[in-house]
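Reading through the C-alpha cells given below for one structure.
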Amino acid sequence: MVLRAPWDLVPGEVSRPEPEARQVLVRVTHSGICGTDYKIYSGGIPVSYPRVMGHEMTGEVVDAGNGALRTGDRVIIDPQLYCGDCFHCTTGQTHLCPRGMLIGRDTNGGFAEYVAAPVSHAFRLPDSIDSRTAPLIQVLTTCLHAQQQIQIVPGEAAVVFGLGVTGQLHVQLAKARGASPVIGVTRSADKRALAERLGADLTIPGGDNAVAQVREATGGRGADVVIETTGFLPSVAAAIHMARSGGRLLLFGIITAKEGALPFYDLYFKELALVSARVARSQDYPAAIALVESGDVRLEPLVSNVMPLGELKEAIGMLGGDSGPRMKIILDHSSN
C-alpha cells in the first residue's frame, strides 16, 4: 500500500528490498496501525513520497543473512533505527539518536509484502505468541521503557489516566510490577470494563469527581504514581492533582499543545517528579516478549479489528473518526 501524497493511499508495487550486510529480509504477515500512521497519511508528519508506511510489523524470515536467525523464524521488528556512533548511542540511549530513523516514516515500512531490517532489530517470537496479536509487542515496548523510568515499587498506588491501548498495557505492567491498587480512569464504560478484566483493582469515570475518587481510594493522600496517557493538558492537570506529595507523574501521552494552563504551584508544593518517555530501545523487546509469553501481559483483548492489508485506507480512516469502543486494528497480510 503506497502513500503517493497526503490522503492518497493506493495499492501499488515497489521493488522487493535487497537486504544489505547484517540485515534480514522478512515477509510481513501482520501489522498494526498507529496514530503516527494516521498523521503521516494526513500530512501531519511530512515524509518523502512515495512512501510505504507501517512500523508495527511481524513476519517470517526469508533471508536470514549471517545472523543467529534462520529462514522461517517468526520475528517482530524494532522499527527504531540508530547510527550506533553518536553520544546518545554510545551511552545506551539509542532511542534518542539524532540521526535515528523510523521504518515506515523515513524508509519503507511494513504495509507491504516484504521489509528489510538490521539483524539486531529482529527478535524471534515463541510459538505461544499469536502472530495476529504480536504487532502489539512494539507498542508494549514503549510502555515498558516508560515504566522503567519511574520504577514502581510493590504496594505503591498507581493511576493510569486514559485507557486506550497503551493505557490498558500500562495497567497490566503496573499490576505485574506489584502496584496496589491499580486505578484506571476514563469516561468510557467499555474501556473501564476491559481494564478490570486485565487487572485493574478499581476504575473510575473521568470528570470533576475523578480526583476526589482517587484520593478516597488511596487513603486521602493521592497516588504514588500517575501515568498520563492521553496527552491532553486538562488530563495532565488532573493527574497532578491525583498524585500524592512526593509522588511521580509519567507523561506518556504525546503533548502537542504549545501553551495552556497547569497547576504549576502544585508541582512545586507537592515536590512532584515529572518523567517523560520517548519510544523504546532494542533491549526492551526481549523483556516485552517474555511478559507476553508468561501471561503477565495479555494482547488478545486489545485487538478489536482484523482487516486485510488491502483495506488499509478504510482502516486508517477509522483512526480519524469517533473511536467508540475500538481498540487496536491489525492488518492480516494473507487475507488479500
| said: One residue is enough: does the range 134-150 have a residue meeting the conditions more than 13 Å from the chain's Cα centre (by Cα), free of Cβ contacts under 8 Å to residues at least 60 places away in the same chain and assigned to a loop (DSSP other than H, G, I, E, B)? | reply: no
| request: State which residue pairs qualify: first residue closer than 14 Å to residue 36 by Cα and inside the range 249-261, second residue surrounded by 10 or more Cβ atoms within 10 Å (Cβ to Cβ) in any location, beta carbons under 6 Å apart, and separation of 6 or more residues or different chains. | output: 253/228; 253/229; 253/230; 253/231; 254/231; 255/231
| Is one or more of the residues making up the range 160-174 part of a helix (DSSP H, G or I), among the β-branched types (Val, Ile, Thr) and open to solvent by 10 Å² or more (accessible area, probe 1.4 Å)? | yes
| said: I need every pair where a residue in the range 222-238 that is at positive phi and of a type in the set (Gly, Ala, Ser) has its Cβ under 7 Å from the Cβ of a residue that is open to solvent by less than 20 Å² (accessible area, probe 1.4 Å) and assigned to a strand (DSSP E or B), sequence separation at least 6 or different chains. | reply: 222/243; 222/247
| request: Consider only pairs whose beta carbons are under 7 Å apart and that are at least six residues apart or on different chains; among these, list those whose first residue lies in the range 1-20 and is open to solvent by 50 Å² or more (accessible area, probe 1.4 Å) and whose second residue is modelled with pLDDT of 95 or more and of a type in the set (A, V, I, L, M, F, W, C). | output: 4/10; 11/1; 14/2; 14/52; 14/112
| In the list 112, 117, 68, which residue meets the criterion of being of a type in the set (A, V, I, L, M, F, W, C) and farther than 30 Å from residue 13 by Cβ? | 68
| remark: Counting only strands (runs of 3 or more DSSP E) entirely within the range 223-336, those with at least 1 residues that are out of contact with any helix residue (DSSP H, G or I) (no Cβ under 6 Å at 6 or more places or on another chain) and open to solvent by 40 Å² or more (accessible area, probe 1.4 Å) are 243-251, 273-276, 303-308
| query | Out of the range 45-94, which residues are under 21 Å from residue 315 (Cα atoms) and either open to solvent by 60 Å² or more (accessible area, probe 1.4 Å) or out of contact with any helix residue (DSSP H, G or I) (no Cβ under 9 Å at 6 or more places or on another chain) (or both)? | reply | 46, 49, 50, 52
| remark: Within the range 182-214, residues part of a helix (DSSP H, G or I), in contact with a Pro (Cβ under 9 Å, 6 or more places away or on another chain) and open to solvent by 50 Å² or more (accessible area, probe 1.4 Å) come out as 189, 190, 197, 213
| What pairs come up if the first residue lies in the range 315-335 and is closer than 18 Å to residue 139 by Cβ and modelled with pLDDT of 95 or more, the second is open to solvent by 50 Å² or more (accessible area, probe 1.4 Å) and among the hydroxyl-bearing types (Ser, Thr, Tyr), and their beta carbons are under 8 Å apart, counting only those six or more places apart or on different chains? | 328/304; 329/304
| request: Filter the range 98-139 for residues that are among the aromatic types (Phe, Trp, Tyr) and either in contact with a Phe, Trp or Tyr (Cβ under 9 Å, 6 or more places away or on another chain) or open to solvent by 30 Å² or more (accessible area, probe 1.4 Å) (or both) and give the result. | output: 114, 123
| query | Among all residue pairs at least 6 apart or on different chains, which show Cβ distances below 6 Å where the first residue, located in the range 287-314, is within 14 Å of residue 143 (Cβ to Cβ) and modelled with pLDDT of 95 or more and the second is open to solvent by less than 40 Å² (accessible area, probe 1.4 Å) and assigned to a strand (DSSP E or B)? | reply | 302/328
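Yes or no: residue 67 of a type in the set (Gly, Ala, Ser) and at pLDDT 95 or above?
When the stated conditions are applied, residue 67 does not pass them.
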| task | Run down 233, 194, 169 and say which single residue is hydrophobic (A, V, I, L, M, F, W, C) and in contact with a Gly (Cβ under 6 Å, 6 or more places away or on another chain). | result | 233
| message | Every residue in the range 105-133 that is β-branched (Val, Ile, Thr) and either over 24 Å from residue 33 (Cβ atoms) or within 18 Å of the chain's Cα centre (by Cα) (or both), please. | response | 119, 129, 133
| note | Okay, strands (runs of 3 or more DSSP E) sitting entirely in the range 28-127 with 2 or more residues that are more than 22 Å from residue 283 (Cβ to Cβ) and in contact with a strand residue (DSSP E or B) (Cβ under 9 Å, 6 or more places away or on another chain), I get 56-63
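Quick check, is residue 33 surrounded by fewer than 18 Cβ atoms within 10 Å (Cβ to Cβ), under 24 Å from residue 278 (Cβ atoms), touching a residue at least 40 places away in the same chain (Cβ under 8 Å) and β-branched (Val, Ile, Thr)?
no
The values are calculated or read from the model by the stated rules, or taken from the named source; none is laboratory data. Everything numeric here is computed off the predicted structure, so don't read it as measured data. Because the Cβ atoms are built from the backbone with ideal geometry, glycine has one as well, and the counts that use them run over all protein chains shown. Please note that ligands, DNA and RNA were not included when accessible areas were found on the heavy atoms of the full protein model with its side chains. Shrake-Rupley method; radii C 1.70, N 1.55, O 1.52, S 1.80 Å.
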